[in-house]
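Structure first, commentary second.
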Amino acid sequence: MKIYDLVIIGSGPAGMSAAIYAGRAMLDAVLLEKEYMPGGQVIQTYEVDNYPGIPKTNGMELSDKFAEHAKDLGVETMIAEVTEIQAEQEIKEIYLKNGNVLKTKTIILATGAVHRRLGVPGEMKFAGMGVSYCATCDGAFFRNKTAAVVGGGDVALEDAVFLSRMCEKVYLIHRRDELRGAKILQDQVINNEKIEILWDTIVTEIEGENKVEAIHIQNVNNPVDKVLKVDGIFIAVGTKPASELLKNQLETDEQGYIIAGEDGITNIPGIFAGGDGRAKNLRQVVTAAADGANCVHSVERYLQKI
């Protein structure tokens, strides 16, 4: 059976960057992605204006550039979902959902993070029927309608601005009395006549018949139930790491983010981690791309020693 030098799991900016650097290092590598559309969470971003040298692009275009670059360098890609990793031995085994098994000397985990849920009644019932975690994916369904966005960080503010371009009204619901997103995004939200900010407010229930028709909200300082009529609700309350693979073997922090330094080295020899699933202070496309490069550099040094 073929033994790869490197298997990269995840095709977001960290995984794509790792593929590019692996191609340049002429490693025998393969990039695995479980979704049919590679790119990770960045493809859900309507506007990316902070990636150096490529201003005013969007997540899909940026992801396409990454993918094209990796392809030009001859990196193999495979649509496959990983179900298990056996990492104890020098040659690691990766079990795929389709029944196949890959063998490799090293692995880069670039599995990223997934959307956090509110955990309120009606959220799962109306998922895809008015409840969404991706404004750029589903915003067009709410043209000339009323939508709510829950959150106060960059993603929530970006979603509110994006939706205001097509919705009649947008409520931005935030549990605190100040926003956490970038100042430039805050200004865009505050100065947008279509966006109304509901401060110190939480959502307690989502209701409707066949689709979302209203949400129940409460002020955190005066918990009186109020009903807000909306056609859709976009939840942007952060992410949690997709770090289930090698659970209880990889060292993680309290939130489940994989503990690895800038070099991507984890507590398991031959296993490296980068991107939004790694414990770090700043999670942006540029830091994920840097992680991918650093991980491959560490992979090369590791391969020289075995």
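What pairs can you find where one residue is in region 85-112 and among the β-branched types (Val, Ile, Thr), the other is surrounded by fewer than 14 Cβ atoms within 10 Å (Cβ to Cβ) and modelled with pLDDT of 95 or more, and their Cβ atoms are less than 7 Å apart, with a gap of 6+ or different chains?
Hits for this filter: Ile91/Ile3; Ile94/Val101; Thr104/Ile3.
What single numbered condition from (1) within 24 Å of Met26 (Cβ to Cβ); (2) touching a residue at least 12 places away in the same chain (Cβ under 8 Å) fails to hold for Ile43?
Status for Ile43: all satisfied but (1).
Which ones in region 12-51 are farther than 20 Å from Val155 by Cβ and of a type in the set (Ser, Thr, Tyr)?
Those that are farther than 20 Å from Val155 by Cβ and of a type in the set (Ser, Thr, Tyr): Ser17, Tyr21, Tyr36.
Here's the yes/no breakdown for (1) under 18 Å from the mean Cα position of the chain (by Cα); (2) of a type in the set (A, V, I, L, M, F, W, C); (3) within 20 Å of Arg117 (Cα to Cα):
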residue	(1), (2), (3)
Tyr133	yes, no, yes
Cys137	yes, yes, yes
Lys145	no, no, no
Gly152	yes, no, yes
Asp159	yes, no, yes
Met166	no, yes, no
Glu178	no, no, no
Thr201	no, no, yes
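Tell me which strands (runs of 3 or more DSSP E) are completely within region 149-210 and hold 3 or more residues being under 18 Å from Ser132 (Cβ atoms), or say none if there are none.
Those strands (runs of 3 or more DSSP E) span 169-173, 201-208.
If you scan region 66-84, which residues turn out to be in contact with a Ser or Thr (Cβ under 8 Å, 6 or more places away or on another chain) and free of Cβ contacts under 8 Å to residues at least 24 places away in the same chain? Even if it seems obvious, please write down each step before you answer.
If we filter region 66-84 for residues that are in contact with a Ser or Thr (Cβ under 8 Å, 6 or more places away or on another chain), which is where we start, we get 66-67, 70-71, 77.
Listed by number, the list holds a single entry, Lys71.
Could you list all residues from region 252-269 that are of a type in the set (A, V, I, L, M, F, W, C) and in a loop (DSSP other than H, G, I, E, B)?
Narrowing region 252-269 to residues of a type in the set (A, V, I, L, M, F, W, C): 258-260, 265, 268.
Once the filter is applied, which keeps residues that are of a type in the set (A, V, I, L, M, F, W, C) and in a loop (DSSP other than H, G, I, E, B), region 252-269 yields Ile259, Ala260, Ile268.
Condition check: in contact (Cβ under 8 Å) with a residue 12 or more places away in the chain, surrounded by 24 or more Cβ atoms within 10 Å (Cβ to Cβ) and assigned by TED's automatic domain parsing to the domain that holds Ile85. Does Gly256 satisfy that?
On the way: in contact (Cβ under 8 Å) with a residue 12 or more places away in the chain: yes; surrounded by 24 or more Cβ atoms within 10 Å (Cβ to Cβ): no; assigned by TED's automatic domain parsing to the domain that holds Ile85: yes.
No; evaluated as a whole, the condition is false for this residue.
Can you tell me which of (1) farther than 18 Å from Ala14 by Cβ; (2) modelled with pLDDT under 95; (3) surrounded by 23 or more Cβ atoms within 10 Å (Cβ to Cβ) is the one Ile306 doesn't meet?
(3)
Criterion first (more than 21 Å from Glu35 (Cα to Cα), aliphatic (A, V, I, L, M) and under 19 Å from the mean Cα position of the chain (by Cα)) does Ala260 satisfy it?
Values: more than 21 Å from Glu35 (Cα to Cα): yes; aliphatic (A, V, I, L, M): yes; under 19 Å from the mean Cα position of the chain (by Cα): yes.
Yes, satisfied.
Report, by residue number, each residue of region 225-251 that is assigned to a strand (DSSP E or B) and at pLDDT below 95. Show your work before the answer.
Within region 225-251, the first condition is being assigned to a strand (DSSP E or B), and the residues that meet it are 225-229, 232-235, 239-241.
Those that are assigned to a strand (DSSP E or B) and at pLDDT below 95: Thr239, Lys240, Pro241.
The values are calculated or read from the model by the stated rules, or taken from the named source; none is laboratory data. Please read all numbers here as calculations on a predicted model, not as lab measurements. Reconstructed Cβ throughout: ideal geometry from the backbone, glycine too, with neighbour counts over all protein chains shown.
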